[in-house]
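**Student:** Shown below is the structure under consideration.
Read-outs throughout are calculated quantities, based only on the coordinates presented, and are distinct from any laboratory measurement. Predicted, not measured: the structure shown is a model, and the values here were computed from it. Cβ coordinates were reconstructed from backbone atoms using ideal geometry, including for glycine residues, and neighbour counts include every protein chain displayed.
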Amino acid sequence: MARYRGPRTRIARKFGEAIYGTDKYFEKKNYPPGQHGNNKRRKKPSTYGIQLSEKQKAKYTYGLLEKQFRNLFKKATRVKGVTGEVFLQLLESRLDNVVYRLGLASTRQGARQLVSHKHILVDGKVCNIPSATMKEGNVISVREKSKSLVVITEALSTARYTKSAWLEWDGNLMAGKFLNTPEREDIPENINEQLIVELYSK
C-alpha cells in the first residue's frame, strides 16, 4: 500500500508542529526547512496557501495519500452533520488510528503495519485493512501469538495511551473497545477542519 516514506522531521518543521510525535531533531530546529527557514521576513501566505497547508498537515498526520484523503472527504459530505467534524471523526475511526490511540503502536505508521501484518483482531477476527471504519461496540485486540511482540510490548510500556471518552482499554486482555464515534472536543489533533472544507469547496 502506498504511503509517505520521506523524511518526517522535515515535514514536522514545515508545519511547525511535531505531528509525528516526540522528535528531538524537531525540538532542535523548530523552524521551516530550507536555506531561508529561519528568516523572519518570509512571505505571508495567501488564503489558499493557508488552506492547502492545513489539508497537507491533516494528510501527513493521519498518513493518507491524496486519493484516500479526498475520497474520505467526499464520504463525509454525504453524512448528515457538520462536514468538517464528520471528516475528522471518519479519520479517527479508521482501524490504524484506533490501534495507535490504544497505545499498541508508537506511531500511526507502526499501527498500520501491525494491522497489515495481521496482528490485530476486530471482534475476534483478523482484519488487515488499516482503513476499516470502526463502529460502536467493536472490540480491537491483539492476536494471541502476537501479544509478545517487542514493538507492542515496548509501545504499551511507554504508557502513551491516555484515557479517551470514546475508547476503553483492558490491559490484561490487551483489548480495547470502540465505545462511540468521538466528539470534536475529544479529538486532540490541532487541525482546523473548516479550512479543509473551504479548500475542497472551491
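**Student:** Considering Cα pairs under 8 angstrom that are at least six residues apart, work out the relative contact order of the stretch 94-180 and quote it in whole percent.
**Tutor:** Once divided by the residue count of the stretch 94-180, the mean separation gives 31 percent.
**Student:** Moving on to the next point. Place the peptides 105-113, 148-156, 122-130 in order of packing, highest mean first, counting for every residue the other Cβ atoms within 10 Å and averaging per peptide.
**Tutor:** Peptide ranking by packing, descending: 105-113, 148-156, 122-130.
**Student:** Rounded, prolate or oblate: which fits the stretch 94-180 when a ≥ b ≥ c are the square roots of the eigenvalues of the alpha-carbon gyration tensor, with rounded for a/c under 1.5 and prolate only if a/b beats b/c?
**Tutor:** Judged from the Cα gyration tensor, the stretch 94-180 comes out rounded (a/c under 1.5).
**Student:** On to the next question. If one computes the Cα centroid of the stretch 40-102 and of the stretch 186-202, what distance in Å separates the two points?
**Tutor:** After rounding, the separation between the Cα centres reads 6 Å.
**Student:** What does the extension gain come out to for Asn192 and Thr158, with contour length at 0.36 nm per residue minus their alpha carbon separation?
**Tutor:** 9.3 nm
**Student:** Quick check: pseudo-label points 7 Å beyond the Cα along Cα→Cβ at Lys135 and Ser201, how many nm apart are they?
**Tutor:** Label-label distance for Lys135 and Ser201, simple model: 3.0 nm.
**Student:** Residue separation times 0.36 nm, minus the C-alpha to C-alpha distance between Val79 and Glu66: what's the value?
**Tutor:** My answer for the length gained is 2.6 nm.
**Student:** Given the options Ile140, Asn180, Thr107, identify the residue whose Cα lies farthest towards the positive end of the charge dipole of the stretch 94-180 (+1 on Cβ of Lys, Arg; -1 on Cβ of Asp, Glu).
**Tutor:** Among Ile140, Asn180, Thr107, the one farthest towards the positive end of the dipole of the stretch 94-180 is Thr107.
**Student:** Once you place label points 7 Å from the Cα toward the Cβ at Cys127 and Asn180, how far apart are they in nm?
**Tutor:** The answer from the label model is 1.9 nm.
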